[in-house]
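Take a look at the structure set out below.
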There are 2 protein chains.
Amino acid sequence: MDNVARRIESLVRNGELKPGSRLPPEPQLAALLGVSRSSLREALKGLVFLGLIKARPGHGTYIQASLGRAASRHFQWMLLLKEIKYLELYELRQILEPAVAALAARRATKSDLDSMELALRGMKASLQQPEQFMVNELAFHEGFAQASSNVAIQTTMQMMYGALAEGRKRVLPLIDDMLRNYQRHERIFIAIQKRDVRRARQAVIRDLQFAKALLRKDLQAQEELRAKLRRLEPVSLGTKS
Amino acid sequence: MDNVARRIESLVRNGELKPGSRLPPEPQLAALLGVSRSSLREALKGLVFLGLIKARPGHGTYIQASLGRAASRHFQWMLLLKEIKYLELYELRQILEPAVAALAARRATKSDLDSMELALRGMKASLQQPEQFMVNELAFHEGFAQASSNVAIQTTMQMMYGALAEGRKRVLPLIDDMLRNYQRHERIFIAIQKRDVRRARQAVIRDLQFAKALLRKDLQAQEELRAKLRRLEPVSLGTKS
C-alpha cells in the first residue's frame, strides 16, 4: 500500500496531479500505476485516513488542498502512548511562542489582527462559560500562530495546541480568576497590534509561566488522587503483580 | 473508519491496550467495538498506514511502540503541495536549533554524545562521497535533537529534517568546501561536550547562516534555469493557456 501511495506522491511532484485536483477514475489510475484495483483502493483509503486525499462520495477523490490540521493527530497519539509528556510540550511552547510573538509583531496583517480581536471578544463574553472560553482561547492562539506568516511554524503550533487540548480541558477548573486569564491574552494582542516586539515576547512569556504553573498544580492533584485511591484499595492492589 | 479508529484510541487511553501490545484477534475486537469485521479491517489498514499500529504478518497487529518518524510525512506532503516553502522551514530551524543547542549542552547524556561523535567521524570519513556525507550529517542532527531529552522537540525536529531532506540533496553540490562544512558541525559537538551553552548556540547559529545562504543560492539557480527554459521554448509556451 505504501508503495502505491509513494507513486501517487510522485505524480504530485511531477505536477501531473495538483493540490485540490481530482484523481483519475480508479480503473485509469490503477492502469497508470500498474497495480490491481484492490491494491489501489487500499492505498487510497490509507491516504484518505492520513488526510492527504479527500473522498467526496459521488464526486470522486481529490488531492487535499490543505493539510495543516491533520498533522496534530501524531502528537495526540504520542501523548496517549506516553512517548511525549505534557511538560515536554510546554518546553516546546516556551521555545516557539516567544519567537512567534516577535514574528507576529512584525508581520501580522489586518486580517490576522481581526481574527485575534474577534477571539478575544469571545473570551471576554464567555468568562462564566469555561468550555466556550476555551474554544475562543484556542482561536486566539491559532490567530497568533497564523500571524507568524509562516505555514511551517503555524503547522507545528497547530500540532502542539491539538495535543495540548485535552490537558487544557483538565486545568481549566483550576483557573481561579478568568478575568486575569483573559487580560494576559489581551496584553499579547495589544503588543502585537502596536508592533512592539519586546512587549509581545514578554506578554507571551508571562502567559506561559502561568500556564506551566497551572499544569504543575494539575499534575500534583492527579498524583494526590492516585495516592488516595491506593490507600482506599490496599487489598485489590495487593493481589496484583 | 475514523470512528472505529477513535474507539481504538479510547482503549489505549483507558489503558486497556498498551503501547507495543498486541490487538485482540479481529473477531473479538470487532465484537468489543460493536462494528462489522469489514469496517474494522478498513480502520486497521488506515491506522497501519498512519504508522499508529503495526501489522506483523502471521503474528497479529500491534500498537506501535514509537511514532517519531511517521510524523515527518505530513511536512513532506505540505512541501510537495507548496503549502510550506523551504525558507519557512529554515525560519523554523532558526527558532528551534539554537534552543535545542542550549538544552543539549545542559542535558546530553554519554550515549547522546557517543551518537553525535560517531556521526561526526562518519562525516569526516566521507568528505569525498556527498551521499554518504549526507546520511552521516542527518544522523548528527538526529543525535543533536535527541540530546534535548524532550521527545516533543525531537519529533518536531525529525519532521523538519525529514521535510528538508530533499532540498539538502539539491544543495549538496553547491558546497565547495566539505571540510569547512564538517568543521562547523565539529564546533557544535565540542561546545555541547564542554557543556558550553553560549558557544553551542553560536556554533548552531553560524551553521544555520551557512545553510540558509546555500538555499538562497539554490533557489536563485533554479530561477535562472527556469528563465533559460522559457527563452528556449517560446513557441510551446505560446500555444498553452
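All of the numbers you see were taken from the coordinates with simple rules; none came from a lab. This structure is a prediction, so every number in the text was calculated from the model and none was measured. Positions of Cβ are generated from backbone atoms using ideal geometry, with glycine treated the same way; all protein chains shown enter the neighbour counts.
Odds and ends about this structure:
- Shielding score for B:94-101, defined as the mean number of other chain Cβ atoms within 10 Å: 4
- Multiplying the residue separation of residue A:186 and residue A:85 by 0.36 nm and removing their Cα-Cα distance gives an extension gain of 33.5 nm.
- Across the stretch B:70-232, Cα pairs under 8 Å and at least six residues apart give a relative contact order of 33 percent.
- Degrees between helix A:130-146 axis and first principal axis of chain A (Cα, 0 to 90, nearest 10): 60 degrees
- In this structure, the residue pairs whose Cα-Cα separation is over 21 Å, taken from B:54/B:85; B:85/B:124; A:194/B:212; A:124/A:169; A:18/B:54; B:18/B:54, are B:54/B:85; B:85/B:124; A:194/B:212; A:18/B:54.
- The mean of 1/r over all pairs of different alpha-carbon atoms in the stretch B:2-63, once inverted, gives a Kirkwood hydrodynamic radius of 11.5 Å.
- Global form of the stretch A:147-226, assessed from the alpha-carbon gyration tensor, a/c cut-off 1.5: oblate
- Average partner coverage of A:35-46, which counts Cβ from other chains inside 10 Å: 2
- GNM result for chain A, Cα springs below 10 Å: residue of A:61, A:156, A:109 fluctuating most strongly: A:61
- Gaussian network model of chain A, springs between alpha carbon atoms under 10 Å - residue of A:143, A:20, A:34 with greatest fluctuation: A:34
- Anisotropy class of the protein assembly as shown from Cα gyration tensor, a/c 1.5 cut: rounded
- 0 to 90° range, to nearest 10: angle between helix B:37-49 axis and chain B longest Cα axis: 20 degrees
- Largest GNM mean-square fluctuation among A:185, A:141, A:59, using chain A with Cα springs under 10 Å: A:59.
- Longest DSSP-loop-exposure-free segment, trypsin sites (Lys or Arg not before Pro), chain B, at most 14 other Cβ within 10 Å: B:83-193
- Fraction in percent of alpha-carbon pairs per bin - 10 Å, chain B: 7, 24, 25, 19, 16, 8, 1
- Averaged over A:154-163, number of beta-carbon atoms from partner chains that fall within 10 Å: 3
- Whether the stretch B:85-125 is rounded, prolate or oblate, judged on the alpha carbon gyration tensor where a/c under 1.5 counts as rounded: oblate
- Label spacing, shortest first and in nm, from residue B:18 to its equivalents in the remaining copies (7 angstrom along Cα→Cβ): 5.3
- Estimated inter-spin distance, residue A:232 and residue B:56, nm [label 7 Å along Cα→Cβ]: 3.8 nm
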